[in-house]
Amino acid sequence: MAELFGSRDQPPVHRHVDLLMVGKTGGIGHLEDERGETVRTRKLHVQLNLQVPVHPGDETLAAELHLQWVREFPPPRPAWPKEPLRLSFDATYEPIALGDCVYISSMVEDCVTALDAASGKEKWRFFAGGPVRFAPVGWKGNVYFVSDDGYLYCVSAGAGRLKWKVRGLPESKSNRLVLGNRRMISLWPARGGPVLSGGTIYFAAGIWPSSGIYIYAVDAETGKVRWCNSEVGLLKGRLDDHNRRPSPSGDTGLAPQGYFAVSGDRLIVPSSRAQPGFLDRNTGKLAAYGTGWGGREKLAKGCWYVAANSRYYVQSGDLWGLSPRKRHFIDPANFKGLKPFRHAG
């Protein structure tokens with residue numbers, strides 16, 4: 001931890017953005033404490049997506065903060081405005097900090113913008129062929145992001161120059177453009193929010209199982225595809241209907257929408273409102289899968305986010321064990337407090 005955050009005797013390595021605040025209306029602000037110190041930040045997923053600074057050896061904010069700059073962006077236009085909880089992956093902007101810059105993707109202007117962290121001035125802007133609905137990933141001087149045009153992009157963090165891009169739809173297939181959220185987008189939008197681990201970045205394209213789903217592992221430096229699983233769009237007999245299997249229709253498939261996560265050798269793929277899928281991140285093989293059936297509060301369900309460690313994962317307010325896959329009951333005292341974040345169906 002000392003190497004990451006410094007200590008009381010050693011200041012942190014990075015001394016820039018103290019506090020980034022993102023409002024639902026699209027404003028981004030930068031605040032600094034009265035000591036003029038800037039430190040690494042820890043991101044908390046709350047309604048306003050607030051980033052809270054962590055001082056060396058201390059997790060308390062200074063008594064007084066001072067506004068440094070503000071940038072205004074258009075009000076967000078989420079993909080699923082009538083599904084405000086379980087598919088709210090783009091309900092607001094999701095900036096990241098890397099080096100001396102802040103990078104923010106836009107589902108309105110179809111781009112990623114780099115801002116100088118000290119002044120808020122724009123350094124560069126890169127346009128994709130469709131809305132960019134997920135936060136970018138920063139690593140080794142590169143910025144990675146996906147778009148509704150169906151591509152994973154890698155651009156240089158310093159200048160915003162394209163290094164490479166990977167199309168989610170295999171090159172052997174012809175792309176189709178359709179009308180989506182008042183835009184022309186690919187029938188196979190990339191809404192499997194990218195995650196990077198061990199030099200490999202993972203993403204997915206396609207949200208309609210019957211049209212084809214493609215989950216990728218890509219070398220983060222070269223853009224070379226390490227593996228692609230194109231078989232998860234049709235899973236025979238894996239549809240849960242009122243917790244009974246098989247259901248009258250019986251077949252289903254993953255519908256990747258949400259931020260991917262990595263836990264050990266597992267790649268966890270949020271599958272829209274169904275339960276997430278678990279793939280071996282070295283081979284791409286899908287583990288045993290069931291959609292879950294969760295229209296009401298206490299039934300198993302899925303959503304756009306997942307968090308995990310080596311033993312458990314959390315999704316839609318439920319705590320699950322990883323081995324074996326089993327839902328653990330939440331303390332009844334927590335149900336009332338969690339209710340606003342759970343879908344009542």
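One residue stands out among those in region 292-331 that are farther than 27 Å from ARG226 by Cα and among the β-branched types (Val, Ile, Thr): the one that is modelled with the highest pLDDT, which is VAL314. Considering (1) in a strand (DSSP E or B); (2) in contact with a Leu (Cβ under 6 Å, 6 or more places away or on another chain), the lone condition that TRP188 does not fulfil carries the number (1). Would you point out the residue of region 100-132, among those that are of a type in the set (Gly, Ala, Ser) and in contact (Cβ under 8 Å) with a residue 60 or more places away in the chain, that is nearest to MET184 (Cα to Cα)? Looking at the filtered set, the residue picked out is GLY120.
In the set (1) at positive phi; (2) free of Cβ contacts under 8 Å to residues at least 12 places away in the same chain, LYS140 fails one condition alone, (2).
Please state which one of GLY130, GLY138, GLY120 is surrounded by fewer than 24 Cβ atoms within 10 Å (Cβ to Cβ) and under 15 Å from the mean Cα position of the chain (by Cα).
Working: GLY130 fails: under 15 Å from the mean Cα position of the chain (by Cα); GLY120 fails: under 15 Å from the mean Cα position of the chain (by Cα).
Result: GLY138 is the single residue among GLY130, GLY138, GLY120 that is surrounded by fewer than 24 Cβ atoms within 10 Å (Cβ to Cβ) and under 15 Å from the mean Cα position of the chain (by Cα).
Cβ-Cβ under 8 Å, sequence separation 6+ or interchain: first residue in region 282-299 and farther than 18 Å from SER323 by Cα and polar (S, T, N, Q), partner at pLDDT 70 or above and part of a loop (DSSP other than H, G, I, E, B). Which pairs? Matching pairs, first to second residue: ASN282/ASP265. Residue pairs, Cβ under 8 Å, 6 or more apart or interchain, first in region 79-95 and farther than 17 Å from ALA135 by Cα, second surrounded by fewer than 18 Cβ atoms within 10 Å (Cβ to Cβ). List them. The qualifying pairs are LEU85/PHE341. Comparison of LEU179, LEU115, LEU196 shows that the only residue that is assigned to a strand (DSSP E or B), surrounded by fewer than 18 Cβ atoms within 10 Å (Cβ to Cβ) and not β-branched (Val, Ile, Thr) is LEU179. Among the residues making up region 115-163, those that are aromatic (Phe, Trp, Tyr) and farther than 23 Å from VAL195 by Cβ are TRP124, PHE127.
Looking only at residues in region 84-97 that are farther than 14 Å from GLY120 by Cα and aliphatic (A, V, I, L, M), the one that is surrounded by the most Cβ atoms within 10 Å (Cβ to Cβ) is LEU87. Residue check: ALA159 meets all listed conditions (1) closer than 21 Å to LEU286 by Cβ; (2) not in a strand (DSSP E or B) but one, namely (1).
Condition first: buried (at least 20 other Cβ atoms within 10 Å of the Cβ) and of a type in the set (Asp, Glu). Can you find one or more residues in region 163-176 that meet it? Scanning region 163-176, I find no residue that is buried (at least 20 other Cβ atoms within 10 Å of the Cβ) and of a type in the set (Asp, Glu), so the answer is no.
The values are calculated or read from the model by the stated rules, or taken from the named source; none is laboratory data. Since this is a predicted model, take the numbers as computed values, not measurements. As a convention, Cβ positions derive from the backbone with ideal geometry for all residues, glycine included, and neighbour counts pool all protein chains shown.
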